[in-house]
Amino acid sequence: MTKAELIGVIAEHAEITKSAAGMALECFMETVTKELKKKGKLGIVGFGTFSVTKRKAREGRNPKTGATIKIPAKKVVKFKAGKTLATKVK
């Protein structure tokens, strides 16, 4: 599903315009991003938890040349589905 398709589904389900649904989705994504930057964790009861973890620096290989390369440390976002969401998807 694309972002445009998601906006269409939200608009239809909530009986609002696609413009309003698009603004709501943008607001949600911005809020999640800000919260993860600030606190590193955001939980939505019944849906799941977004969290930021640090990945250590490591060595990898360039698949084309086989040369060893250094992969720097970085922060990554993880999502763990809540119990309600997990049972609905099964």
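Please verify whether GLY22 is surrounded by 13 or more Cβ atoms within 10 Å (Cβ to Cβ) and on the phi > 0 side of the Ramachandran plot, treating the condition exactly as stated.
Values: surrounded by 13 or more Cβ atoms within 10 Å (Cβ to Cβ): yes; on the phi > 0 side of the Ramachandran plot: no.
Considered against the rule, which asks whether it is surrounded by 13 or more Cβ atoms within 10 Å (Cβ to Cβ) and on the phi > 0 side of the Ramachandran plot, GLY22 comes out as no.
Kindly establish whether GLU12 is charged (D, E, K, R), assigned to a strand (DSSP E or B) and farther than 17 Å from LYS78 by Cβ.
Working: charged (D, E, K, R): yes; assigned to a strand (DSSP E or B): no; farther than 17 Å from LYS78 by Cβ: yes.
So GLU12 does not fit the description; no.
So, in the stretch 15-35, how many residues would count as being charged (D, E, K, R) and outside any helix (DSSP H, G or I)? Outline the logic, then answer.
Going residue by residue through the stretch 15-35, those that are charged (D, E, K, R) are 15, 18, 26, 30, 34-35.
With outside any helix (DSSP H, G or I) added as a condition, the list becomes 15.
Number satisfying all stated conditions: 1.
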Next on the checklist: If GLY46 satisfies all but one of (1) at negative phi; (2) small (Gly, Ala, Ser); (3) touching a helix residue (DSSP H, G or I) at 6+ places or on another chain (Cβ under 9 Å), what's the number of the condition it fails?
Outcome noted: (1)
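Any read-out appearing in this document is the output of simple, stated calculations on the displayed coordinates, not a laboratory observation. These figures come from a predicted structure and were not determined experimentally. Ideal geometry is used to build each Cβ from the backbone, glycine not excepted, and the neighbour counts take in all protein chains shown.
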